[in-house]
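Report on one structure; see the data block that follows.
The values are calculated or read from the model by the stated rules, or taken from the named source; none is laboratory data. The model shown is predicted, which means the values in this text are computed figures rather than measured ones. Ideal geometry is used to build each Cβ from the backbone, glycine not excepted, and the neighbour counts take in all protein chains shown. For accessibility, only protein heavy atoms count, side chains too; no ligands or nucleic acids. Shrake-Rupley method; radii C 1.70, N 1.55, O 1.52, S 1.80 Å.
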Amino acid sequence: LSPFTPFATRNWRAEVVFSVDCTKLKDYFLPEKREFDCIYFNFPHCGRKAGVVKNRELLAHFFHSSAEVLTEEGEVHVALCNGQGGTPADQPRREWHNSWQIVAVAAGAGFILSNVHPFRAETIHGYKCTGYRSQDKSFCVEGALNHIFTRSMPLLYFKPMICETELESRKVSFQVPQVLVDKINRGFLELNSNHPVRTVKEKLTAGLRQAFPLQNTNYCPSLLHEGHLNDVCHSNIFWIILSPEETPSTEEMSNGLAKPKFSHVDFCRDTDKNGWVNVQEGCHISKRYYLRPSLLPYAHAITQRGDFLPGTLHVLSGPVFRKCLISPYSMPVFHEVVFVCAVNRGTENSCIQMLVNNIKTSIHSLHQTVSSFKLSINLKIQYFICMKTDTSGFCEKGSCVGIIRTAHYELVSSELVVVFASLNLDLLAMLICGIPDWRMLWTSDTRFLHQFPRGELRLFKSFSLYPPSYVHDVSFWVPDGDQFDEVAFHTIARQVSGEMVISLQLIDSFQQSETRRKSLCYRLTFQSCDKALSRQEVAEMQLLFRKEINQRLRVTLR
């Protein structure tokens, strides 16, 4: 079991234990000796011609056993021959079904693959690879890999949450939509935050300050908004409904004895042709509010403030919320920064161009502090920056970081035109720091923020490599006469999986000629970017998803 010689054992004061069952490690050590910093298992094998299934079972029992004796910050090292692991690190790579599927097996015990590197037997003094088919013969270790696993944060299941905000000069509380519970009030942009989203915002504004007089506004818009939305699909809105029976009396409000309470509406099936919610008789709904989908509607309020200065670039930032389809760059919540500047009529085009150029320069400069790749950032800026001169609202394209647009407001003089720039800070942080998955920005794993000291931007290094993915299909009949709400469908998938669904694709549709009933078949791909995700956990999510779409969307499962 150990390469140590008796002489080395005495000098290193190491204890050598023989005939240890790797699937029952805690049985061989006293409780006070069960905290290991590192566990090595070089080239595990059931012996003789055991197939991949038996060896997967061996690894599964080993990982569960290791979890019982490993420290919280400890590591498990597993060396495998080339191709056995089944990860992209293997060259050539075996087909998944013919490999040991080590990342999926480890995930079942709460471990994630944090590093992988070539196994070099020559660096271990006295080590000899033997045991080919349970014989005293060496086996080929060329191309072998050492897989390093660490503990994962557990999957979190959040309880319903009540949030407070200011609305119409009074404090109100409302129930947060379940899909946003772990994303509300995270404080990424607060002064004491070292989150890369805040750092990107601060460095971006510092760069723009060299070209424009710049002022950070202390205006804090409410999370809730009421009123008409321009060019935003209402099925993409998180609605918050105020019910009369929950409304406190005027006397209670004036005495500060009560706060109005709101509930949220996940999915409104009854809408008019413009997407507005139809309030039916008996619903007892008095007012319709929604979580702000953009900060742009609040830009007009900035221009009406007494401290608004023409020629100065005013900055407003905060999280915004929108239901959206599942895709790599579509986020139900992200941090938006809005730049507002009033200029003389006729100079708005030159101001826009100047603003665009300075944004490009600032992004390029930030990226250069992190990476030496110059060409890629120039191409990405051309692809990400989108100019508009209409009032079309926030860009719906997943790859678009921001928009520049103009609008005219009557200010002190009718000669003034207000220019807006709206940027998605989360996508900027991903672009600059090389963060491949937007969900990583919201992780609770401290290994993420530890990579970004206060005020510094660095190239992100993933601590969860080659996470396993699982595919499930779901088929159902759509209710007769109903238009299928795909946004609601995707939102349910986000909610029940805790954002573990990374792809939701329509793979087949069918309509009966006689009844005209329509059937849809979707394929869900589950994968976590920061946590261990097991087959069993995914199977439970899939069952819950089927139950929820049946109840909420009234589909008939097949």
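The table below gives the values:
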quantity	calculated
Residue ID - nearest to L428 (Cα to Cα), chosen from residues in region 190-239 that are of a type in the set (V, I, T) and in contact with a Lys or Arg (Cβ under 9 Å, 6 or more places away or on another chain)	T199
Any hit, region 302-310, residues being within 16 Å of the chain's Cα centre (by Cα) and either within 18 Å of A429 (Cβ to Cβ) or open to solvent by less than 40 Å² (accessible area, probe 1.4 Å) (or both)	no
Condition check for L191: closer than 30 Å to P310 by Cα and either surrounded by fewer than 15 Cβ atoms within 10 Å (Cβ to Cβ) or of a type in the set (S, T, Y) (or both)	yes
Given (1) within 27 Å of the chain's Cα centre (by Cα); (2) in contact (Cβ under 8 Å) with a residue 12 or more places away in the chain, index of the condition W96 fails	(2)
Residue among I162, I102 that is crowded, with 17+ Cβ neighbours inside 10 Å and either small (G, A, S) or under 27 Å from G498 (Cα atoms) (or both)	I102
Of all residues in region 475-496 being under 26 Å from the mean Cα position of the chain (by Cα) and of a type in the set (V, I, T), the one that is nearest to L543 (Cα to Cα)	V496
Cross-chain or 6+ apart pairs with Cβ under 9 Å, region 498-516 first and within 28 Å of M541 (Cα to Cα), then of a type in the set (F, W, Y) and open to solvent by 70 Å² or more (accessible area, probe 1.4 Å)	G498/Y157; G498/F158
Residue check, G74 within 18 Å of I39 (Cβ to Cβ), touching a Cys at 6+ places or on another chain (Cβ under 7 Å) and open to solvent by less than 10 Å² (accessible area, probe 1.4 Å)	yes
Close pairs (7 angstrom Cβ cut-off, 6 or more residues apart or separate chains): surrounded by fewer than 11 Cβ atoms within 10 Å (Cβ to Cβ) in region 31-44, among the β-branched types (V, I, T) and in a strand (DSSP E or B) anywhere	D37/T71
Considering residues of region 110-133 that are at pLDDT 75 or above and aromatic (F, W, Y) only, the residue farthest from the chain's Cα centre (by Cα)	Y127
Residue within region 509-521 that is among the basic types (K, R) and either within 28 Å of M430 (Cα to Cα) or buried (at least 16 other Cβ atoms within 10 Å of the Cβ) (or both) present	yes
Residue match in region 467-486 (condition: under 30 Å from W239 (Cβ atoms), free of Cβ contacts under 8 Å to residues at least 60 places away in the same chain and either open to solvent by less than 10 Å² (accessible area, probe 1.4 Å) or not small (G, A, S) (or both))	yes
Number of the condition not met by L156 [criteria: (1) of a type in the set (A, V, I, L, M, F, W, C); (2) surrounded by fewer than 16 Cβ atoms within 10 Å (Cβ to Cβ); (3) more than 23 Å from M500 (Cα to Cα)]	(3)
Selection from region 524-556 of residues that are open to solvent by 70 Å² or more (accessible area, probe 1.4 Å) and under 14 Å from L155 (Cα atoms)	R535, Q536, E540
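Here is a yes/no grid of residues against (1) modelled with pLDDT under 85; (2) over 25 Å from I39 (Cβ atoms):
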| site | (1), (2) |
| --- | --- |
| Q135 | yes, yes |
| F139 | yes, no |
| A144 | no, no |
| P154 | no, no |
| I162 | no, yes |
| P177 | no, yes |
| I184 | no, yes |
| L189 | no, yes |
| N192 | no, yes |
